[in-house]
Every structure is written in structure tokens, then in C-alpha cells.
Amino acid sequence: MEARVESIVESIEQPKQDDLSQLVSLLDQAHQSLAQHWLGDDFVIEVLLASIIARGHVLVVDVPGVGKTTLAKCLAQILGLDFNRIQFTNDILPADILGGSIYNANEAKFTFSPGPIFTDFLLADEINRAPTRSQSAFLQAMEEGYVAADGVNQPLSNLFTVIATQNPIDFDSTNPLPEAQLDRFLTSISLGYPDVDAELHLLGDYGESTKHDPVAILDKDSVVALRDACDEVHLHADLARYIVTLARATREDPNIKLGISPRGAMHLAAACKGYALVKGRQQVIAEDIQQLIPPVWNHRLLPRHGRDNDSAHAHELVQNIVASVPVPR
């Protein structure tokens, strides 16, 4: 009887394992396709993919001209997701983002007209240029997954993902996101400039090749399945304790005014699960945690001395903490 039960369990588990292997293979193909259309740091692509399958949003802090829009648009196309872009300005209103009620003369009633936030994949360009009221309305909807209009909650896409951008150089007429809003982004990254070979490639054949949009490697159902698979990635209890120990160390460090919150620790665990899946694994390892700490935690830390937005200082502080905490074996 026991042998029969084991046989039935194995017959159920094998198709699930085969489906997962196929999904991971498609994820790797998506990775390779994006690398052909955006010539930059491969780790950036891995963090983006990990963030999306971990159900997170991404903040990109970088100067103009490094390919933020290209990266976001190509990624949405490769994942088979609907894409919208909002250019935030200093006069944008919440209704310009969320939508609102419009009077329908034919039906003699008000009906909800959805704004550009109603999509799967949204590029929120230069979010720090928006008035604080518009920022708050957008980020609240991003966090809660719906837009409240006339007492009715209008749900966003179950795949809703935001890539928001900020220019770290131009601070004129801007409203930098406060710490509570920054904490809502799973990861924060900088794309950086391409290396010499990549930049030369941009001036040559690459410009011709990118006139063609990338083909979809995944579809919406595949992205949902990957998110479900991400939830099942194993995080050993010792590694969970390692994350908590690191987070608590940031709160106790005298050089840090604002350390990592419990949500920040949870976000690191989720990002590591996504990253493990991107790497083709079903379990998190200690190296995943160390790799993901900068993009997940640097934007959440507030150093006691220096500028509040000094990411380099925050990075140095958190790396000192990582070096001081023993790694589980």
C-alpha cells in the first residue's frame, strides 16, 4: 500500500518538475534575449527578472541616455506583458495616472475611465518630478493593487509591475521620494554606462538590429506560473536567521539613523528566491543573500552622517555589517 502511494506521489511530482524545468528554460531564454537588446551589466538583468517573479517593483536611479526606457519596453515585450509609460511632470494630476469618473451622456451616468496605471508593466519615468500628492496616489495604488474611485475599488492587473526612474543629478523642481515610499520598491538599481565594446557596438550594427522589436518568450500565464514557483523556492531556516541577524545589525549600528525594517528583511528573502530561480535553482544559498543586499537594502538605509540620498555611503555601511556577521555553513 505504501509503495502504491509513493508511486502515485511520484507520478504527480514528475509532471510538476517537468513544467518547472520548462519554465526555468524559458526564463533563461528571456534573459538571453534581453541581453541582446540591451547591452549592459548582466547582473542588472538578473535583478530585474528576480524582482518581477518575486512580485516586486523596481526603482532605477540613473542619468538620462543609458537605456532605461529601452530596457523596460523590451523586458515587457519579452515577458509577453502589456506595457504603458507615464512621463511624470511637475503638473501631473492623480487623475492623469489613475483615471477617473466621466459622465456618459448616452447612459446618463458616470462611468470609470481607467488611467495608464491599468496595465501589466508600467514605466513611471522621472517619478520624482511629480507633485507629492500625485506621487502618494500612485504609490498607494501600486502598494494596494487597486484604485479607489467613487467608493468602488478598481483592481489593477494581477501582474502589475512598476519600473520607476529617478535622475540622481537634476534636483531642480523635483520631490525626492521619502523613506516610507522608497521602502515600497523591492529593489533599486543603477544601470551604469556600457563598457567600451558595448558602446562601440551601439554605434555599429547594434543600432540596426534593435529596429526590430524582441519577440515574446513568455506569456502572462508563464509569468504567473513563475511567481508561483518562486513562492516554493526553499529558504533554509539558517539563512532566514542570517537575514534577520543582518537586518537587526543595521538597526543597532550607531552610524545608521534608519535601519532595515521587517518589511525590508521580507523583501530580501523574496528577492533571493526570485534570484535563485533566475539562476536555475530551487533553493536559496548564502551567496544569493550577499549579492542581493545592495539592490534590496541600499535605498532603505539612512546614514546618520552625510546626505540622506548618499547610496555610496549606505553601501559602505551595509557591506561593513555583512563582513561582521558570520555566514551560515
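Tabulated results
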{"item": "Overall form of the chain per C-alpha gyration tensor (a/c, 1.5; a/b vs b/c)", "result": "rounded"}
{"item": "Most mobile of Pro94, Pro295, Pro254 in a GNM of the chain (Cα contacts under 10 Å)", "result": "Pro254"}
{"item": "Label point distance in nm, Ser261-Ala95, each placed 7 Å from Cα along Cα→Cβ", "result": "3.1 nm"}
{"item": "Charged-residue dipole, Cβ positions (Lys, Arg, Asp, Glu), the chain about Cα centre, Debye nearest 20", "result": "920 debye"}
{"item": "Cα-based Lys proximity count in the chain, under 24 Å, for pairs eight or more positions apart or on separate chains", "result": "11"}
{"item": "Separation between Cα centres of the range 279-300 and the range 36-65, rounded to whole Å", "result": "14 Å"}
{"item": "Loop-located GluC sites (Glu not before Pro) in the range 220-300, at most 11 other Cβ atoms within 10 Å (DSSP)", "result": "Glu232"}
{"item": "At R0 = 45 Å, FRET efficiency that the Cβ-Cβ distance of Asp28 and Glu107 yields, to 0.05", "result": "0.35"}
{"item": "Spacing of the two label points (7 Å from each Cα toward its C-beta) at Thr174 and His236, in nm", "result": "4.2 nm"}
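Bear in mind these aren't lab numbers, they're just calculated from the coordinates by the rules spelled out. Here the structure is a predicted model, which means the values were calculated and not measured. All Cβ positions, glycine included, derive from the backbone under ideal geometry; neighbour counts span all protein chains shown.
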